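The values are calculated or read from the model by the stated rules, or taken from the named source; none is laboratory data. Remember, it's a predicted structure, so these values are computed and weren't measured experimentally. Note: ideal-geometry Cβ built from the backbone for every residue, glycine included; neighbour counts use all protein chains shown. The protein model used for the area step is the full one, side chains on, heavy atoms only, and it has no ligands, DNA or RNA in it. Shrake-Rupley method; radii C 1.70, N 1.55, O 1.52, S 1.80 Å.
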Amino acid sequence: DFVSYKDRRAVASALKQIYRAKDAAAGERELDAFADGPWGRKYPAIAQSWRRHWSEVIPFFAFPDDVRRIIYTTNSIESLNAKLRRAVRARGHFPTDDSVTKLLYLVLNLAQKEWKMPPREWVMAKAQFAILFPDRFSLA
């Protein structure tokens, strides 16, 4: 949101250094380097935004790279939310809360049938989850 369209790709690749850092301290050093670099000087609001939300970014660094790759994108969540919004918007208003719940249940069931292949990063992330959370993650 802070970058002109023509610079987005270059700024995004510069920001990758931050979220690909091995830990929070290295990420903070990369953020400082970004802020002092050409993109940070041209778009200072980006580094300010990262610093404002740094407490939400730090937990991300606790995970291994394989897990990070699977959790940093929200495309699948946004796609599912778009399907739910589309279904609700097409019907307008509902007589009861139960009718909305039933509609959303049906939309989720239909969406689940489209999920044929997991993301390619899932295999490695699944192995890491099994190591990190052996009591909460079953390999069955």
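I'm trying to understand the selection: among the residues of the stretch 101-139, which are of a type outside the set (Phe, Trp, Tyr), in a loop (DSSP other than H, G, I, E, B) and free of Cβ contacts under 8 Å to residues at least 40 places away in the same chain?
116, 117, 118, 120, 134, 135, 136, 138, 139
Looking at 27, 40, which one is over 30 Å from residue 120 (Cβ atoms) and modelled with pLDDT under 95?
None of the others qualify; the one that does is 40.
Open to solvent by 70 Å² or more (accessible area, probe 1.4 Å) and either basic (Lys, Arg) or touching a Leu at 6+ places or on another chain (Cβ under 8 Å) (or both): is that true of residue 83 in this structure?
no
Consider the stretch 4-52. How many of its residues are open to solvent by 90 Å² or more (accessible area, probe 1.4 Å) and assigned to a loop (DSSP other than H, G, I, E, B)?
Adding up the residues that qualify gives 2.
Which members of the stretch 86-99 meet the condition of being exposed (fewer than 10 other Cβ atoms within 10 Å of the Cβ) and modelled with pLDDT of 85 or more?
89, 90, 93, 95, 96, 97, 98
With the requirement that a residue be among the basic types (Lys, Arg), over 30 Å from residue 28 (Cα atoms) and free of Cβ contacts under 8 Å to residues at least 24 places away in the same chain, what does the stretch 52-100 give you?
85, 86, 89, 91
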